[in-house]
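The values are calculated or read from the model by the stated rules, or taken from the named source; none is laboratory data. Please read all numbers here as calculations on a predicted model, not as lab measurements. Reconstructed Cβ throughout: ideal geometry from the backbone, glycine too, with neighbour counts over all protein chains shown. Calculation scope for accessible area: heavy atoms of the full protein, side chains included, ligands and nucleic acids excluded. Shrake-Rupley method; radii C 1.70, N 1.55, O 1.52, S 1.80 Å.
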Amino acid sequence: MDLLDLKGIGKKKKEYLEKLSIYKVEDLYNYYPREYEDRSKKFDLSHGLDGKKHYYEWKIESKVYTNYGKKVSVSYLYASEKDTRIKIVFFNDKFSPRSLKIGKIYKFYTKVTKNGYDFECYNPEFSDLDDDRIGNIVPIYPLTRAINNKNLSDFIGQALEHFDKEELLLDKKILDEFHFSDKITNLREIHFPTSVDSLKKAKSEVKIVDFLKELIFIYIMQKENSYQNLKLKFDLDKILNKLDFDLTSSQYKALLEILDDCTGKSIMNRLLCGDVGSGKTIVALIAMIIFSLNSYQTCMMVPTEVLAIQQFEKNKKLIEYFGLKVCLLTSSVKNKDEIKEKVKNGQVDIVIGTHALIVEDVEFKNLKLIVADEQHRFGVRQRQALYEKGNDANYLTMTATPIPRTLFLKMKKLLDLSQITDLPKGRGEIMTELVLLSMEEILFAKIYDFVKDGRQVYIVSDSIDSDDENCVENLYKRYKKKIKNARIEKLHGKLKAEQKEQILKDFSDGKIDILISTTVIEVGIDVSNANCMIIYNANNFGLSSLHQLRGRIGRGKHKSYCYLVSKKIDERSKLNIIKNSNDGFEIAKKDLKLRGAGKILSTIQHGKNLDDMNYFNLKEDEIDLCFKIFTYLKNNNFDGVNFTYLEKYFNIDKRIVLN
């Protein structure tokens, strides 16, 4: 069924919905609220003076009066609650109050103040008594231009009437066993809540079933891993002695786990987790060298061209020391045809590249190990395309997302996981400070000094060009004005791919002093000269994102500084967790308490990165229940599980485990 078949959606509305990644009817009912407002409890004026918005019912007692100033209009009228009068004021809105009829009672959702003896409210939301927008729990959705909350709610209501029953993962017998409602019932409660308790139950069950879906798929695919008879001969101590540093104990352990997998009977499909800067790449590189010393080809795919160049130049000398041939393959590399021919003929042992590795005319002679860096930047089909380049190749995925220990220990029973838990010596110290936006002038002075000393600076915002004074565009104008002699550039997702790559390269080459960006810099760049990062609207970011961003600095010998800017800061702020710790696993532990363990092992599905949605976070008791249900299903041979839906949902080659 097409979106255009729903009432109220025309071509323009459809275009705006697509900006929210809503392309089909099922995308509508799977588009979850960002938060909820509890408007269910009716207040009276004597109990609503707490500075918060509440639900009231008032009778209109007067006509509308309007006063005009040079830049503002003020309309007001009077209403009553029993014997108490309240003045209702509308600024720059002379039309809304005209719809309020004298003698009629309306619902109002607003904040009430007291001015002397008079009660007052300003620009309230109001509705008729039979309208559900006030008097209930109201979902608040992420929106875009021309789509308001009511529009979206109406469209979702229609979409639920066309719910696809093929989306039901578990049959009624299993649901009854654990006292769960089916998905359609839970979706109705999520989008049109009837009570706080019912909403909590529905949200929890959807999260659990969603995570369960991944666990089942991971388990089944692990069982179907192909057989291999791979012989690797190597002297690990001799190889490690060629390094000019020692591996940490957890790096060494992870390397042994990888090599043990690769010499086992089943093809490896392992996830290597490690904090920002923990040294995941060198572990993967040693494994690649060992494969290539045994006459097998290996490749590493990274998310950006800049990072590919950096990895190539940084590791070329080490690889060639062992007599191996290494090449760089990106979309803009010269002699591309010549490089592809050498890869095809086996004249190259190790290939480091970007998405250019997965184009159709790239062929390998004997590819046996694939390394994918920063897994959440690649979609399922991209990784599948790379996998198909190999002849039953072993697959290693690296991620800097720290997995809380409680979840890690459970997942390790299902999925091959390695974790690097300590940082290599020699990493620059990072000092983190919280800064009020009102004290921004201090930052300008600090940045001026950093740039004057030859250092480089990252400035990060959570929006590109919104009404927010701290969006990328406004910050660019502000810094251009304040730090006149600096070379300043802006970077965001709306730029073309080649523009982004060029800006990242220029920053990497030291041609840009200050880079003002969205979170596109979270991975994909390693600049040792950058020793300062300023994150605006820091409260809008999750702890893990803040830690990932901060990991872009502290990579050189210079002491580094991270400033978290917010309009309000108090002792209880989550930002203090980042300020007081550089340990990603400690932060992940605190994050687990604040938000629960999210869909850490998920990939981008249908164009949506569900890791970014707070809705999909699981609490510890929900994780426990999820594994309890999983064990029940496994003991009953997964009877009652809709595998047709699983295959459709993941749309993935069965040889690839969902890391």
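Can you give me the long-range amide H partners of Cys562? Hydrogens built in the peptide plane at 1.01 Å from N, cutoff under 5 Å, separation of 5 or more residues or another chain.
Sorted by chain and number, the residues that satisfy this are Met431, Thr432, Glu433, Met533.
With +1 on the Cβ of every Lys and Arg and -1 on the Cβ of every Asp and Glu, and nothing else charged, how large is the dipole of the chain about its Cα centre, in debye rounded to the nearest 20? Display every interim value, and only then the final one.
Working: 108 positive and 96 negative charges, 281 e Å.
That gives a dipole near 1360 debye.
To the nearest 10 square angstrom, how much accessible area does Met439 have with a 1.4 angstrom probe?
Approximately 90 Å² of Met439 is accessible to the 1.4 Å probe.
Quick query: amide H of Lys111 versus all other amide H atoms, modeled in the peptide plane; which residues come in under 5 Å with a sequence gap of 5 or more or a different chain?
His54, Tyr122
Below 8 Å, C-alpha to C-alpha, sequence gap of six or more: please give me the relative contact order for the chain in percent.
Reported relative contact order: 13 percent.
Is the shape of the range 44-92 rounded, prolate or oblate, going by the alpha carbon gyration tensor and its root eigenvalues a ≥ b ≥ c, with a/c under 1.5 for rounded and a/b larger than b/c for prolate?
Oblate.
Summing +1 for each Lys or Arg and -1 for each Asp or Glu, what net charge is found among the other residues whose Cβ lies under 11 Å from the Cβ of Lys494? Intermediate results must be reported in sequence, preceding the final value.
Values: positive: Lys490, Lys496, Lys500; negative: Asp465, Glu473.
That sum, taken over residues with Cβ under 11 Å, equals +1.
Modelling each spin label as a point 7 Å along the Cα-to-Cβ direction, I'd like the Thr144/Phe234 distance in nm, to one decimal.
4.6
Say the cut-off is 18 Å between C-alpha atoms; which of Lys368/Lys389; Lys19/Lys490; Lys314/Lys452 go over it? Numbers along the way, then the final one.
Working: Lys368/Lys389 9 Å; Lys19/Lys490 22 Å; Lys314/Lys452 28 Å.
Distance filter (> 18 Å) returns Lys19/Lys490; Lys314/Lys452.
Separation of the range 103-130 and the range 424-476 by C-alpha centroid, Å?
42
What is the distance, in nm, between label points placed 7 Å from the Cα along the Cα-to-Cβ direction at Asp5 and at Glu161?
Result: 1.2 nm between the two label points.
Net charge within 11 Å of Phe322 by Cβ-Cβ distance, Lys/Arg positive one each and Asp/Glu negative one each, not counting Phe322 itself?
Numbers: positive: Lys238, Lys242, Lys317, Lys325; negative: Glu320, Asp349.
For residues surrounding Phe322, the net value is +2.
Given the Cα-Cα distance of Glu498 and Val74 and 0.36 nm per residue of separation, how much length would full extension add, in nm?
Full extension of this stretch gives 147.6 nm more.
Taking the chain as the reference, fit the longest principal axis to its C-alpha atoms, fit the long axis of helix 440-452 to the helix C-alpha atoms, and give the angle between the two in degrees, 0 to 90, nearest 10.
20
On each of the three principal axes of the Cα atoms of the range 241-381, give max minus min coordinate, whole Å, ordered largest first.
Reported extents, whole Å, longest axis first: 42, 33, 31.
Sequence gap at least 6, Cα distance under 8 Å: using those rules, report the relative contact order of the range 118-251 to the nearest whole percent.
On the way: 51 pairs, mean separation 26.7, N = 134.
The normalised contact order for the range 118-251 reaches 20 percent.
Around Asp449, with a cut-off of 14 angstrom between Cβ atoms, what is the net charge of the other residues, counting Lys and Arg +1 and Asp and Glu -1?
Value of the local net charge: +2.
Tell me the per residue accessible area of the chain using a 1.4 Å probe; a whole number in Å² is fine. If you can, show how the numbers build up before the last one.
Numbers: 31740 Å² over 659 residues.
That works out to 48 Å² per residue.
Helix 497-508 sits at what angle to the longest principal axis of the chain, using alpha carbons and giving 0 to 90 degrees rounded to 10?
70
Where does helix 336-345 land angle-wise versus the long Cα axis of the chain, in degrees 0 to 90, nearest 10?
For 336-345 against the chain, the angle is about 60 degrees.
Expressed as a rounded percentage, what relative contact order does the range 462-531 have, with Cα pairs under 8 Å and six or more residues apart?
Computed over the range 462-531, the figure is 31 percent.
Size of the dipole of the range 109-221 about the Cα centre, Lys and Arg at +1 and Asp and Glu at -1 on the beta carbon, nothing else charged, in debye to 20?
My answer is approximately 360 debye.
Pop out the carbon and sulfur fraction of the accessible area of the chain as a percent, whole number, probe 1.4 Å.
47
So what's the Cα pair-distance distribution over the range 448-579, bin width 10 Å, in %?
Bin by bin from 0 Å, the calculated values are 12, 45, 36, 6, 0.
Quick one: if the Förster radius is 56 Å, what FRET efficiency do Ser528 and Ser62 give, using the C-beta to C-beta distance and rounding to 0.05?
0.20
Ordering Asp2, Asp513, Asp621 by how much accessible area each has at a 1.4 Å probe, largest first, what is the list?
Correct descending sequence by accessible area is Asp621, Asp2, Asp513.
How big is the C-alpha Rg of the range 187-280 next to the rule-of-thumb value 2.2 N^0.38 Å, as a ratio?
Rg over 2.2 N^0.38 Å, computed on Cα atoms: 1.77.
Rounded to the nearest 0.05, what FRET efficiency is calculated for Leu243 and Tyr448 with R0 set to 45 Å and r the Cβ-Cβ distance?
Details: r = 40 Å, r/R0 = 0.88.
That gives a FRET efficiency of 0.70.
Among the DSSP beta bridges whose two residues both lie in the range 1-140, what percent are antiparallel, rounded to the nearest 5? Show your work: numbers first, answer last.
Numbers: 32 of 37 bridges.
Of all bridge pairs located within the range 1-140, approximately 85 percent are antiparallel.
Would you kindly find the accessible area of Lys242, with a 1.4 Å probe and non-protein molecules such as ligands, DNA and RNA excluded, rounding to the nearest 10 Å²?
90
Take every Cα-Cα pair in the chain and report what % of them are more than 48 Å apart.
The share of Cα pairs beyond 48 Å in the chain comes to 23 percent.
Determine, from the Cβ-Cβ distance of Arg487 and Lys104 and an R0 of 45 Å, the FRET efficiency 1/(1 + (r/R0)^6), rounded to the nearest 0.05. Walk me through the numbers before you get to the answer.
Values: r = 63 Å, r/R0 = 1.39.
Efficiency, from the Cβ-Cβ distance: 0.10.
For labels at Tyr23 and Leu129 in the simple 7 Å Cα→Cβ model, what's the distance in nm?
4.8
So how exposed is Arg98, as accessible area in Å² (1.4 Å probe, rounded to 10)?
140
Of all DSSP beta bridges in the chain, what percent run antiparallel (nearest 5)? Walk me through the intermediate numbers first.
Working: 37 of 94 bridges.
Antiparallel bridges make up about 40 percent of those DSSP assigns within the chain.
By average Cβ neighbour count within 10 Å, what is the ranking of 148-154, 330-336, 271-277 from highest down? Write out the running numbers ahead of the final one.
Details: 148-154: 15.7, 330-336: 14.0, 271-277: 24.4.
Taking the mean over residues of other Cβ atoms within 10 Å, the ranking is 271-277, 148-154, 330-336.
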